[in-house]
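Engineer: First the structure, then my questions, so here it is.
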Amino acid sequence: MPYSGFEAGSAGAPGGAPEAQAPAASPRGLGRSAATVLLWVYTATTFLSALLLFSVQPMFAKMVLPVLGGSPSVWAVAIFFFQAALLAGYCYAHLLINRAPLPLTGLLHLAVCLLAFLLLPIGLPNGWGEPPPGEPYMWQLGLFTVAIGLPFLAVSANAPLLQAWFARSGHPHGRDPYFLYAASNLGSLIALLSYPFVLEPALGLQALSRFWSLGFGLLIAALLACFVLMRRAQAEAVPSVQVAPLAVESSASRPQWLDRLGWIGLAAVPAALLTAFTTHVSTDIASAPLIWVLPLALYLLTFVLVFREQPLIPRPILLVLHLASVVVALLMLAQTKHETWYLTALTGVAVFFMTAMVAHRTLYENRPAARFLTEFYLWMSFGGALGGLAAALIAPKVFSEVFEYPLLLALSMACRPGAVSADALRRTAVSVSDSLARLLRQPWLRLRGSELEDAGKQEFLVLWLIIAGSVLLIYWVPWAIEKFNLNIYNWGTTTVVVAAIAAVLVASYRFPQRQLVAALLMFCAVVVLPSAVRRGEAQRSYFGVYRVMHSADGEFNVLMHGTTLHGAQHMRDEDGNADVNTVPATYYYPESPIAQTVAKVRELATAEGRKPRIGITGLGAGSLSCHSKPGEPWRFFEIDPVVIGIARNPKYFTFLNTCQPTPDIVVGDARLTIAKEADASFDLMVMDAFTSDAVPVHLLTAEAIKLYLSKLKPNGVVLLHISNRYLDLESVVGATVGALPHAAGIIISDDTADGTYAESTSTVALVAKSREALDPFRGIHKVFELEDGGLRPWTDDYSDILGPFINRYRHR
């Protein structure tokens, strides 16, 4: 099971301790047919439980899009909620198994399941229609808790409960119930992989929610059958088989706190990396379930591959692949030029997968004796939730950019065998205490470590040499390259530094502590020097990372969201002197499709003797404000207060302060705030909201476009800015508008821009209530009729980014 590894049990006694051999069922106990029925019922119930558990995650996360918007944080917080809820389910199961009498465990759990069933079907609860302005982290957690908290907890507790019941059933395989986890892992993987490709396309969210309710009812019946079969088997079995097989190895040593901390850390790093990697990738493509469902499936798959006596990949090969992937990933992050998404995603998937493989294999090799299994899994689950908390909630408050991603790549070296062992910690403690004793001249601070002392001193000295040398590289290499005008073949200063430290990391292959220190120093270089994760002045919020940078020639201030340009203004001349120009640039330059559409709407309104009313979704740098005329009623809809602060700061941009000093800005998600506007009140609505390179999915659905059209005057138009490097949004709009009665649309492609910051190419779609309303705009640049490209319309019930992604790839 994701986040904790509970679903991927081993086939033998953990920790290498011999497991007590409970006798097989006596002929006077379970018969062959009864044993077969019991086995298949438990296997099917485990499979069904996992299928429900991992289909509800993307399903409900998709449901909240119209309320929470399309920010990557929606998915990060969702992942953390499921990690924390899984921990709660494990705690509940642990207490139920260990505190309640066995006959009551079934009755209590069935009562909890029936109570959860009363809360179905799953949907947005009443009173949770609109989040507060700003950063709704806690609001989202509250929404998830109220909507699916109890059903998710009830389902997540089934794996340990079913294991405990089966172990006490008297079945011949009851002494080793871990084979049930194969069925659970299969159900989990099928649910995760089939959701974006089969379940949602075939059923849609609303129907899927109803089918999930039916599945939950079937699960309750299956749980009742499992409990009844277990109790009947106990009554029929001979007394000797009624002994719980997990009460074994009384002489086995109890885990120490260092062991528990190790389990927590080994579970926390890959769980946190799951969230950090998802955030890193989703800021550059689209916030959609497919982005995190696939990494989550890979995360689950690692338990299947390595939680076994003989892993499918031998440890030496696994460690080499992990080391290579970490080095390559950090070297890519050291680049100052943005690489293609394909290479970034491929490298990220590889390093994430190998890190999870190494961490979970190390966890398996450090498992305790069988009688401590429940505690082991509980601490693992706690580590998973802790990692999710750190990456989803703490990191955005601590780091102004996505620094947690390279940090976790570096910390993955701590998951390698021997990197943070008890002996290593003791040696380090001895060395540190000796250094402090000498520095402070206090002999009592010195710890005695006998044979560990000399080894600790030597290792401590090597580590300090690595640290000192790397610090010198970080500070002196950039100085030397600039001072002597060295030719580094466009590698970039940071790449040179990181490559040098990477050589130390690779050379230290047999010394895990040195590798960990070297990897952390590579992380320091990536976040201290200019790199892919440190560019310009950055600000971070629930809705993304915003960077204000200087262009390469120094003449423009540039606003980047993720890795995508969101606005620019000419601020300096060639000599670096102040030369502020409020003529809109990038996608909004005077001859752009957006600018010409605004001008045409103004012309039509003026011909009727009035001023046009214009609504803009997405403020950006405030560029569009300088296309307004005095007295025109313009209203901006912006979800993120951080963006408003950037646009109004004259240090960054002056568009807004110069052209609309008192702007009319409504804070909140566009769909929620636009819905409050009077019907038929706008002449033009410009949908220019982006999450990095993509329009948030919920702003392009049929329901969203229908809402925009309802706010237009009879001859008004909606402009959808759909420029995108990866997704064929033209076909998405074509399919969606084609499904709306009494709606028409065209595509306008810019063919005159020079591709600089002053003039960026763009693609827009104009949608209106009739084809006649679009006729005045057909002379703007190149105009194409809408086509669906073989895609289905996007709705709140169904959307798909795989089809648009494939279409864009085909047309490259």
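The values are calculated or read from the model by the stated rules, or taken from the named source; none is laboratory data. What you see is a predicted model; the values in this text were computed from it and never measured. Positions of Cβ are generated from backbone atoms using ideal geometry, with glycine treated the same way; all protein chains shown enter the neighbour counts. These accessible areas exclude ligands, DNA and RNA; they are computed on the full protein's heavy atoms, side chains included. Shrake-Rupley method; radii C 1.70, N 1.55, O 1.52, S 1.80 Å.
Engineer: Within region 605-640, track down each residue that is in contact (Cβ under 8 Å) with a residue 12 or more places away in the chain and polar (S, T, N, Q). Lay out the reasoning, then the answer.
Structural biologist: Just the residues of region 605-640 that are in contact (Cβ under 8 Å) with a residue 12 or more places away in the chain, to begin with: 605, 611-629, 631-640.
Residues satisfying the conditions are THR617, SER623, SER625, SER628.
Engineer: Further question on the same structure: Which one is farthest from MET138 (Cα to Cα) among residues in region 58-117 that are under 12 Å from the mean Cα position of the chain (by Cα) and hydroxyl-bearing (Ser, Thr, Tyr)?
Structural biologist: Filtering region 58-117 for residues that are under 12 Å from the mean Cα position of the chain (by Cα) and hydroxyl-bearing (Ser, Thr, Tyr), the one farthest from MET138 (Cα to Cα) comes out as SER71.
Engineer: Could you check how many residues of region 124-146 are without any contact (Cβ under 8 Å) to a residue 24 or more places away in the chain and either under 20 Å from the mean Cα position of the chain (by Cα) or open to solvent by 60 Å² or more (accessible area, probe 1.4 Å) (or both)? Please lay out each step first, then the result.
Structural biologist: The initial filter retains those residues of region 124-146 that are without any contact (Cβ under 8 Å) to a residue 24 or more places away in the chain, namely 125-127, 132, 138-139, 142, 146.
Filter once more, so that each one left must be either under 20 Å from the mean Cα position of the chain (by Cα) or open to solvent by 60 Å² or more (accessible area, probe 1.4 Å) (or both): 126-127, 132, 138-139, 142, 146.
Number satisfying all stated conditions: 7.
Engineer: Since PRO311 meets every condition but one in (1) in contact (Cβ under 8 Å) with a residue 12 or more places away in the chain; (2) in a helix (DSSP H, G or I), which condition does it not meet?
Structural biologist: So the condition that PRO311 fails would be (2).
Engineer: In region 648-767, which helices (runs of 4 or more DSSP H) lie fully inside it and hold 3 or more residues that are in contact with a strand residue (DSSP E or B) (Cβ under 8 Å, 6 or more places away or on another chain)? Talk me through it step by step, then tell me what you get.
Structural biologist: Details: elements: 655-659, 670-674, 702-710, 729-738.
The qualifying helices (runs of 4 or more DSSP H) are 670-674, 702-710, 729-738.
Engineer: Taking the criterion of being at pLDDT below 85 and assigned to a loop (DSSP other than H, G, I, E, B), would at least one residue in region 175-190 satisfy it?
Structural biologist: Yes, that holds for at least one residue.
Engineer: Are any of the residues in region 590-603 assigned to a loop (DSSP other than H, G, I, E, B) and on the phi > 0 side of the Ramachandran plot? Walk me through it before giving the result.
Structural biologist: First, pick out the residues of region 590-603 that are assigned to a loop (DSSP other than H, G, I, E, B): 590-592.
Those left that are additionally on the phi > 0 side of the Ramachandran plot: none.
Scanning region 590-603, I find no residue that is assigned to a loop (DSSP other than H, G, I, E, B) and on the phi > 0 side of the Ramachandran plot, so the answer is no.
Engineer: Right, something else. If you check LEU107, LEU102, which single one turns out to be of a type in the set (A, V, I, L, M) and modelled with pLDDT of 90 or more?
Structural biologist: On the way: LEU102 fails: modelled with pLDDT of 90 or more.
The conditions single out LEU107.
Engineer: Which condition number in (1) open to solvent by 20 Å² or more (accessible area, probe 1.4 Å); (2) at pLDDT below 85 is the one that PHE376 fails?
Structural biologist: Checking PHE376 against (1) open to solvent by 20 Å² or more (accessible area, probe 1.4 Å); (2) at pLDDT below 85, the one that fails is (1).
Quick grid of which residues meet (1) polar (S, T, N, Q); (2) at pLDDT 90 or above; (3) out of contact with any strand residue (DSSP E or B) (no Cβ under 8 Å at 6 or more places or on another chain); (4) under 20 Å from ALA410 (Cα atoms):
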| residue | (1), (2), (3), (4) |
| --- | --- |
| SER508 | yes, no, yes, yes |
| VAL517 | no, yes, yes, yes |
| VAL526 | no, yes, no, yes |
| PHE543 | no, no, no, no |
| GLY562 | no, no, no, no |
| ASN581 | yes, yes, no, no |
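Engineer: Residues in region 52-62: is at least one open to solvent by less than 10 Å² (accessible area, probe 1.4 Å), farther than 26 Å from TRP794 by Cβ and not hydrophobic (A, V, I, L, M, F, W, C)?
Structural biologist: no
Engineer: Residues that are free of Cβ contacts under 8 Å to residues at least 60 places away in the same chain and not hydroxyl-bearing (Ser, Thr, Tyr): does region 88-99 have at least one? Working first, answer last.
Structural biologist: So in region 88-99, the residues free of Cβ contacts under 8 Å to residues at least 60 places away in the same chain come out as 95, 99.
Still in the list and also not hydroxyl-bearing (Ser, Thr, Tyr): 95, 99.
Yes, the conditions are met somewhere in region 88-99.
Engineer: Can I ask one more? Under 7 Å between Cβ atoms, which residue pairs at least 6 apart in sequence (or on different chains) link something in region 191-206 that is open to solvent by 40 Å² or more (accessible area, probe 1.4 Å) with a partner that is aromatic (Phe, Trp, Tyr)?
Structural biologist: Taking only residues 6 or more apart or on different chains, the pairs are LEU203/PHE211.
Listed here are the residues, each with its yes/no results for (1) at pLDDT below 85; (2) among the charged types (D, E, K, R).
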| position | (1), (2) |
| --- | --- |
| GLN256 | yes, no |
| ARG260 | no, yes |
| ALA268 | no, no |
| LEU274 | no, no |
| THR278 | yes, no |
| SER282 | yes, no |
| SER287 | yes, no |
| TRP292 | yes, no |
| LEU296 | yes, no |
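Engineer: For ASP679, which of the numbered conditions (1) open to solvent by 10 Å² or more (accessible area, probe 1.4 Å); (2) farther than 28 Å from GLU591 by Cβ; (3) under 28 Å from the mean Cα position of the chain (by Cα) fails to hold?
Structural biologist: With (1) open to solvent by 10 Å² or more (accessible area, probe 1.4 Å); (2) farther than 28 Å from GLU591 by Cβ; (3) under 28 Å from the mean Cα position of the chain (by Cα) applied to ASP679, the lone miss is (3).
Engineer: Which residues, counting only those in region 518-577, are more than 24 Å from the chain's Cα centre (by Cα) and among the hydroxyl-bearing types (Ser, Thr, Tyr)?
Structural biologist: Matches in region 518-577: SER551 only.
Engineer: If we keep just the residues of region 98-123 that are open to solvent by 70 Å² or more (accessible area, probe 1.4 Å) and part of a loop (DSSP other than H, G, I, E, B), which is nearest to THR673 (Cα to Cα)?
Structural biologist: Per the stated criteria, the residue is PRO121.
Engineer: Please indicate, with yes or no, whether at least one residue in region 413-422 is more than 27 Å from the chain's Cα centre (by Cα), at pLDDT below 90 and farther than 26 Å from VAL498 by Cα.
Structural biologist: Yes, region 413-422 contains at least one residue that is more than 27 Å from the chain's Cα centre (by Cα), at pLDDT below 90 and farther than 26 Å from VAL498 by Cα.
Engineer: Does VAL783 meet the test of being closer than 21 Å to PHE690 by Cα and in contact with a strand residue (DSSP E or B) (Cβ under 9 Å, 6 or more places away or on another chain)? Walk me through how you get there before you give the answer.
Structural biologist: Details: closer than 21 Å to PHE690 by Cα: no; in contact with a strand residue (DSSP E or B) (Cβ under 9 Å, 6 or more places away or on another chain): yes.
Here the answer is no, as VAL783 does not meet what is asked.
Engineer: Same structure again: If we keep just the residues of region 768-793 that are aliphatic (A, V, I, L, M) and in a strand (DSSP E or B), which is least open to solvent (accessible area, probe 1.4 Å)? Outline the logic, then answer.
Structural biologist: From region 768-793, those aliphatic (A, V, I, L, M) are 768, 773-774, 780, 783, 786, 791; that's our starting set.
Retained after the next criterion (residues that are in a strand (DSSP E or B)): 768, 783.
Details: ALA768: 0, VAL783: 43 Å².
Among those that are aliphatic (A, V, I, L, M) and in a strand (DSSP E or B), it is ALA768.
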